[in-house]
Amino acid sequence: MRELLQQLWNGLAIGSVYALVAVGYTLVFGVLKFINFAHSSILTFGAYVALYTMLSKVAPFPVALGLSMVLSGVFAMQTELRAFRPLREKGAPRLNLLITSIGVTLLVENAIVVFVSPDFHVFPKVLPGTPINLSGVVFPPVDLLLVAGSSILMLALSYFVNRTLTGLSIKAVALDRDAAALMGINVGRTISITFFIAGLMASMAGILVGMKFSVNPSLGGLFGLKSFAASVVGGIGSVPGAYLGGYLIGFLETLGAGYVSSNYKDAIAFVLLVLVLLFKPSGLLGKGTQEKV
Amino acid sequence: MLKIEDLNVYYGGIHALNSVSVDVNDGEIVTIIGANGAGKSTLLRTISGLVRARSGTVSFNGKDLGKMPPHEIVALGIAHAPEGRRVFSELTVAQNLRLGAFLRTDKEQMEQDLERVFRIFERLRERREQPAGTLSGGEQQMLCIGRALMSKPKLLLLDEPSMGLAPVLVQEIYKEIEEIRKYTTILLVEQNAYQALKTADRGYVLETGRIVMAAPCSELIRDPVIKKAYLGK
Ligand SMILES: Nc1ncnc2c1ncn2[C@@H]1O[C@H](COP(=O)(O)OP(=O)(O)OP(=O)(O)O)[C@@H](O)[C@H]1O
Ligand SMILES: [Mg+2]
């Protein structure tokens, strides 16, 4: 029982990471209908901004966190403005966008290797060192922060998407871009806002996995891929689907590692992805027929 | 208020509009009739900024719309109820109508306009919390027009409001267009030439991208050529 509770908690913590990142894939897919593989590089970017803010000791952790989130949002917005928008305006097929997004990831990772540092960094200690121990179940402080932070962000996002006019306009652009423009919605600006939010959320995930493990130039790679799997498992385009997919993969992965074998831990997300694509191609909460991605 | 001069629009090699000139004056209903593929929707989409002209001008109350993005054109007071309704199917009727008023901030006046839309299209009132995708075709058309009205337009562009509707619904929609004209200038595009000519003040006939005739509707409706080609008589 104690073991199971521990696994469930671990699953919730890592699932929060996947959910935070998956929602970015889903939001961007919603408005632009392509998988933005550059999204994983935002995770890395965010972790580095926070890391160097802390290393240079210019600001306390909460400020570093906030700064990184805002800068990551802006960075994500800039990738769209500079890499994707010019292509879209030339009427390039979506495949070109997808390939470009992979290019952006390579560019960011290698830029970090060349201009920052190729090394693994341990995140400076900002949280109390002793985990909370409740009758044998261990809650590391970084996990608590991860679960709390991601919950707050997800609630805020749900409020924003479902209760504000700007949120409604994102849905409108996702459903029918031309019709949205005819409502007076500035489509370009709405797409920028979407990228900003996606970047903001990915950054929180990047910082916290950086703190949990370490910060390195390919930090975003595997987390990004698993989160992408989570967004498709949940139904790409669906925000609740991204959360569901993220937590589902988090739980299955830790339970699988705990009770079966930790050798296959990283494969679980992709096995689930294949199964979902076979039996419910539009994803668990996806609607109707999805276009091929 | 709307002045279109010598407009040329291409899709790749297809010359969709060929030196088209159209005027719409304040308070009028002007109609453009034409067969499938004549270029009617292209004309409305060019006015709205969704399609760019290669040459020619579109101006609205003296302002050149040629380089404006669609959202700025809406802000000037042009609303477009597009072909095929294009309602946001997963959003509710109320959310669709709210999006129609996207640029507005005058909450009280918006409430009154919403009430007016519900008075014109009573069926929408009881369905306000229903996803637009679950409405019938006629109701979606009403929502499409109602949504356009929510921006409080000076000029309303209507693209085939009768498309795919049973005759009694066509009658109903046109009855409401008569109501709407009391406060909005209308540019109406139709394949249903009879309805359009009966309702509008002036008409243009568009054939494969060219305006071939322009006259008051009372004349067009009696014209032997029009009768034969468009009214099936
Ligand atoms: N996006 C597009 N790409 C290429 N060709 C197009 C496009 N849209 C329209 N066309 C072509 O331009 C011409 C005019 O089309 P348009 O839709 O304006 O006609 P329409 O008069 O509205 O027809 P309908 O009554 O069927 O709606 C047609 O030949 C059509 O095939
Ligand atoms: Mg048409």
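Work the Kirkwood hydrodynamic radius out for the range B:2-231: mean of 1/r over every pair of different alpha-carbon atoms, inverted, in Å.
Answer for the range B:2-231: a Kirkwood hydrodynamic radius of 17.9 Å.
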Item to check | Occluded residues from the range B:67-83, i.e. those whose accessible area drops by 30 Å² or more once the chain is not alone (1.4 Å probe) | outcome: B:His71, B:Val74, B:His80
Next on the checklist: What FRET efficiency comes out for B:Glu126 versus A:Leu275 if R0 is 35 angstrom and r is the Cβ-Cβ distance? Round to the nearest 0.05.
Outcome noted: 0.20
Checklist entry - Per residue in the range A:182-196, which ones lose no less than 50 Å² of accessible surface when going from chain alone to all protein chains (1.4 Å probe)? => result A:Leu182, A:Met183, A:Gly184
Item to check | Furthest towards positive pole of dipole, A:Phe84, A:Ala180, A:Tyr25, structure part the protein assembly as shown, Cβ charges | outcome: A:Phe84
Checklist outcome for this item: Computed Rg/Rh for the range A:109-178 (Cα atoms; Rh = Kirkwood radius) stands at 1.21
Checklist outcome for this item: Filtered hits (lysines, Cα-Cα < 28 Å from A:Lys212, offset >= 8 within chain) -> A:Lys57, A:Lys125, A:Lys226, A:Lys265
Item to check | Between 0 and 90°, nearest 10: helix A:165-175 axis offset from chain A longest Cα axis | outcome: 70 degrees
Item to check | Cα-centred dipole magnitude for chain A, charges only on beta-carbon of K, R (+1) and D, E (-1), debye, nearest 20 | outcome: 440 debye
Checklist outcome for this item: Within the range B:2-231, the percent of DSSP beta bridges that are antiparallel, given to the nearest 5, stands at 55 percent
Checklist entry - Once you average over the residues of A:26-35, how many Cβ atoms of partner chains fall within 10 Å of each Cβ? => result 0
Checklist entry - Efficiency by 1/(1 + (r/R0)^6): what FRET value for B:Arg54 and A:Asp266, r their Cβ-Cβ distance, R0 = 35 Å, to the nearest 0.05? => result 0.05
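How long is the gain from A:Tyr159 to A:Ala92 if the chain were fully straight, where each residue apart is worth 0.36 nm and the alpha carbon distance is subtracted?
Extending this stretch completely gives an extra 20.7 nm.
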Checklist outcome for this item: With Cα coordinates, the longest principal axis of chain A makes an angle with the long axis of helix A:268-279, in degrees rounded to 10, of 40 degrees
Item to check | Extended-chain gain in nm, criterion 0.36 nm per residue less alpha-carbon gap, A:Leu284 and A:Phe213 | outcome: 22.5 nm
Checklist outcome for this item: Rg/Rh of the protein assembly as shown (Cα atoms, Kirkwood Rh), to two decimals, equals 1.08
Checklist entry - Rounded to the nearest 20 Debye, what is the dipole magnitude of the range B:2-231 about its Cα centre when Lys and Arg each give +1 and Asp and Glu each give -1 at the C-beta? => result 240 debye
Checklist outcome for this item: Here FRET efficiency (C-beta to C-beta, B:Tyr183 to B:Asn8, R₀ 35 Å, nearest 0.05) is 0.55
Checklist entry - Put +1 on the Cβ of each Lys and Arg and -1 on the Cβ of each Asp and Glu in chain B; which of B:Ala53, B:Leu103, B:Gly77 then has its Cα farthest toward the positive end of the dipole? => result B:Ala53
Checklist entry - Of B:Lys152/B:Lys198; A:Lys287/B:Lys107; B:Lys63/B:Lys152; A:Lys33/B:Lys67, which pairs sit farther than 29 Å apart, going by alpha carbon to alpha carbon? => result A:Lys287/B:Lys107
Item to check | the protein assembly as shown, accessible surface, carbon-and-sulfur percent (1.4 angstrom probe) | outcome: 61 percent
Checklist entry - Under the definition of partner shielding as Cβ atoms of other protein chains within 10 Å of a residue Cβ, what is the mean value for peptide B:101-107? => result 3
Checklist outcome for this item: The value for the range A:129-233 (convex hull of the alpha-carbon atoms, volume per residue, Å³) is 138 Å³
Checklist entry - With helices defined as uninterrupted DSSP H runs, which ones in chain B have an alpha carbon span along their own long axis of at least 30 Å and mean Kyte-Doolittle hydropathy of at least 0.0? => result none
Item to check | Accessible surface, the range B:2-231, averaged per residue in Å² (probe 1.4 Å) | outcome: 43 Å²
Checklist outcome for this item: With +1 at each Lys and Arg Cβ and -1 at each Asp and Glu Cβ, the charge dipole magnitude of the protein assembly as shown around its Cα centre, to the nearest 20 debye, comes out at 240 debye
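The values are calculated or read from the model by the stated rules, or taken from the named source; none is laboratory data. In this text the structure is predicted, and so the values were computed from the model without any measurement. Glycine also receives a Cβ, built like all others from the backbone with ideal geometry; neighbour counts cover every protein chain displayed. The protein model used for the area step is the full one, side chains on, heavy atoms only, and it has no ligands, DNA or RNA in it. Shrake-Rupley method; radii C 1.70, N 1.55, O 1.52, S 1.80 Å.
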